[in-house]
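Structure, as structure tokens:
The values are calculated or read from the model by the stated rules, or taken from the named source; none is laboratory data. Predicted, not measured: the structure shown is a model, and the values here were computed from it. For neighbour counting, all protein chains shown are included, and Cβ atoms are generated from backbone atoms with ideal geometry for every residue, glycine included. To get the accessible areas, we keep the full protein, side chains included, count just its heavy atoms, and leave off ligands, DNA and RNA. Shrake-Rupley method; radii C 1.70, N 1.55, O 1.52, S 1.80 Å.
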Amino acid sequence: VKNSTLGQQLVVPITCDEAKPDGANVVHNCDGLPVVGQQEGQTCVASCVEGYFGGTSEYLCTGSGKFEGSGPNCYSVDFATRVAFLTAIGFFVVLLSHQYKFWCMFQKVRLGHEPDMMPSLLRGRWLEQCGIRSWDILLAQKKMEHDRTIGTNEDPEGEKEKKKNKKKRRRAEAKAEAHTARQREEEKLRKAKLEILANMEQQAMSDGRAHLDGLCHPCEDPDVCLTLMLCPCCRIADTWHALGGPHWTTYWQVLFAYLLCPFCWPCLNFYGRFFVRKTFEIELKPHRDVLIHCCCCCCCSPCALCQEARQAEAPILYYTCMQKHKEMHELGLA
């Protein structure tokens, strides 16, 4: 209240100019009109600048000349968008990894599940070495063992059954003789071919030349190649898991190691190849592995990962097929 020159008392409202809304990325209209400003009892609004979100807050001008109220908490729209985008990617990767494990690794055994799980022919060599696949050698060996077993098995029938079937066998012998002669010729050709291939492999290994051993055949197994293209980290984790190492080499541990440490991929790939060589008793060649996974990681590493995956899957596939054959034999279906 002030006295005027005419002797009258004039009421001058209080103007608030303290405790205005402040803070980064906050705007307000608390300055009011020029000269007058915001007076006691009036309110103003504080909000976030463009590109930020956080709502609005109301301030009240009090008789003490100060504003009362709390400012809005402003968050960057760009930062929130990035966080949401990265969260969505992480959720998608985890979902994809879980789907891979469900569809591609359901009831899948690991090496070491049983003592003699790996055939001896798969030890000490890559699956495709010097142009010869281990499957071809394995099938030839099983064929010869089967023929030898048939030739040495005794007839389980009794004497009476032998006499009854004697005439039938004589008639069948004439028909089977021609077929047997054909089979013998084919067997001779097959054995000769295997002998030639074995000699070629021995000569190639003894001349000291470098061989790629299936490195340049990533599509030898289309399933492995496709899964490595669509979800490389899942396929690599599957390979480590299949080798049956310690607990930290299981699927989820290896997967998260690759996802959380992408700058360590060359080192992890190098150790994974060393792990494969050690498991299958293949000759260690660290200089070649460093060249493949560290020096030429962009072009050679994907092919090497396919090669390692085929190598790890081979004994598991063999074991699974033998178990199914055993079950069918027990049921009388084979």
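Here are a few things to note about the model shown:
- Hey, K66 basic (K, R), surrounded by 15 or more Cβ atoms within 10 Å (Cβ to Cβ) and touching a helix residue (DSSP H, G or I) at 6+ places or on another chain (Cβ under 9 Å) or not: no
- Residue selected from the stretch 106-144 under the condition surrounded by 15 or more Cβ atoms within 10 Å (Cβ to Cβ) and basic (K, R), by the criterion nearest to K191 (Cα to Cα): R133
- Subset of the stretch 217-233 (residues that are in contact (Cβ under 8 Å) with a residue 40 or more places away in the chain, open to solvent by 60 Å² or more (accessible area, probe 1.4 Å) and charged (D, E, K, R)): E220
- Those residues of the stretch 278-295 which are crowded, with 18+ Cβ neighbours inside 10 Å and not β-branched (V, I, T), in sequence order: F280, D289, H293
- Condition met for Y318 (surrounded by fewer than 21 Cβ atoms within 10 Å (Cβ to Cβ) and modelled with pLDDT of 95 or more): no
- Flag for L86 being open to solvent by 70 Å² or more (accessible area, probe 1.4 Å), modelled with pLDDT under 90 and hydrophobic (A, V, I, L, M, F, W, C): no
- Of the numbered criteria (1) more than 23 Å from the chain's Cα centre (by Cα); (2) farther than 19 Å from Q311 by Cβ; (3) open to solvent by less than 40 Å² (accessible area, probe 1.4 Å); (4) not small (G, A, S), the one Y100 fails is (1).
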